[in-house]
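Okay, so here's the structure we're looking at.
The values are calculated or read from the model by the stated rules, or taken from the named source; none is laboratory data. Note that the structure is a prediction, hence the values are computed from the model and not measured. Positions of Cβ are backbone-derived with ideal geometry, glycine not excepted, and every protein chain shown enters the neighbour counts. Heads up: the accessible areas ignore ligands, DNA and RNA and are worked out on the full protein's heavy atoms, side chains in. Shrake-Rupley method; radii C 1.70, N 1.55, O 1.52, S 1.80 Å.
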Amino acid sequence: MIVLWLAVGYRVPEPGSAHGVLADVYRLAHAAGLIAAGIAISVAAYILGVIATQLGLSATYAVGAALRRTRIAPITPGHHRANQGNKALNYVVVSRLAERFGHDAAFRSQLLDQLMADPPANLPNRTRAEWEHRALADRWTRHWVVRRVVDAETLADQLEADSYNIILRLRGSSEPVALEHDRLQSEGDFRIAMFSPLAAACVILAIRWNPWCLLALPFLITLIYVGVASRTEAERGVAEALAAGQVNDPSLARLDAIPIPLRAGGNTLIASDSAADTPDPGDPDDTLATPG
């Protein structure tokens, strides 16, 4: 409402020179008194805020999606959010399948057969029995074998597609994870939604007062980055709870029974073996990219 007043307030005539509907509004406000006028303005501000928030969020996400299809995609906050989300879901999938490797003999045999059909070239030759012994004895080796053999990216995409339903189920069961997710997501939405009105205020002040006001826009863009960072933290919190076994959602439990897509030879559906075997210093699972 402040932005609207800065934009058109100077065109609104004073009570003494108003006529028509505006004069009626002035008389109504005078008759109702300051308290009633304040309540009416508060209700109007609430309704306007609800509409403006949704429009601002939709516009911001639409622009972000368009930018992620350009060359500047790597510097957009949405790109970082997608990478972090994919990495977290990949870890969830690998952790669950590593557990299945330990108790499902048929699944373990399938993975070991695939590993022996396409053994890692940068590691010493080992027999199938040696790989099985090492994987059963060491959790990190199990994770490495799963990452090497399983097309975890496809399974993570399926899990991501069901993420909305996962949140709904967590809310229905009153899980603390869902409450924390909603808190962080609300904080993120608030920060992102604040960008549009503040940016509009800068533009109006630049037009009506001083062009130097536009220098504030780069600082306001920070609101989008911190907002998206909060949403990223919310999504990572849910993924970490799933990976840690704090929540046993049906979508994750299906990984214990459904057929698992494997990497076929040197070709995969999404990522190449060489990319899968590249150590990531920030990922504890990749500390075994060259196991013992």
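Worth a mention:
- Filter result (exposed (fewer than 11 other Cβ atoms within 10 Å of the Cβ), modelled with pLDDT of 90 or more and hydrophobic (A, V, I, L, M, F, W, C)) within the range 35-50: I35, V43, I47
- Candidates R68, R27, R11, filtered to the one that is in contact with a Gly (Cβ under 7 Å, 6 or more places away or on another chain) and open to solvent by 70 Å² or more (accessible area, probe 1.4 Å): R68
- Residue list for the range 71-88, restricted to those being open to solvent by 40 Å² or more (accessible area, probe 1.4 Å) and farther than 21 Å from P218 by Cβ: A82, N83, Q84, N86, K87
- Taken over the range 166-181, the criterion of being part of a helix (DSSP H, G or I), surrounded by 18 or more Cβ atoms within 10 Å (Cβ to Cβ) and not hydrophobic (A, V, I, L, M, F, W, C) is satisfied by H181 alone.
- Considering the range 1-99, the qualifying helices (runs of 4 or more DSSP H), each wholly inside and each with 1 or more residues that are under 18 Å from the mean Cα position of the chain (by Cα) and over 27 Å from I207 (Cβ atoms), run over 34-67.
- Meets criteria (at pLDDT 85 or above, in contact with a Leu (Cβ under 9 Å, 6 or more places away or on another chain) and in a helix (DSSP H, G or I)) for L111: yes
- Identity of the residue in the range 86-145, free of Cβ contacts under 8 Å to residues at least 12 places away in the same chain and aliphatic (A, V, I, L, M), that ends up farthest from L242 (Cα to Cα): A121
Table: residues versus (1) outside any helix (DSSP H, G or I); (2) of a type outside the set (D, E); (3) at pLDDT 90 or above; (4) open to solvent by less than 20 Å² (accessible area, probe 1.4 Å).
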residue	(1), (2), (3), (4)
M116	no, yes, no, no
P120	yes, yes, no, yes
N125	yes, yes, no, no
L155	no, yes, no, yes
Y164	no, yes, no, no
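- G237 open to solvent by less than 40 Å² (accessible area, probe 1.4 Å), touching a residue at least 12 places away in the same chain (Cβ under 8 Å) and touching a Lys or Arg at 6+ places or on another chain (Cβ under 6 Å): no
- Condition met for L184 (buried (at least 16 other Cβ atoms within 10 Å of the Cβ), aliphatic (A, V, I, L, M), at pLDDT 85 or above and under 15 Å from the mean Cα position of the chain (by Cα)): yes
- A search for C-beta distances below 9 Å between a residue of the range 1-15 that is modelled with pLDDT under 85 and any residue that is assigned to a helix (DSSP H, G or I) and of a type in the set (K, R), counting only pairs 6+ apart in sequence or on different chains, returns P15/R27.
- Members of the range 46-98 that are touching a helix residue (DSSP H, G or I) at 6+ places or on another chain (Cβ under 6 Å) and among the aliphatic types (A, V, I, L, M): L57, A73, A88, L89, V92, V93, V94, L97, A98
- With respect to the conditions (1) more than 29 Å from the chain's Cα centre (by Cα); (2) open to solvent by less than 30 Å² (accessible area, probe 1.4 Å), W212 falls short on a single one, namely (2).
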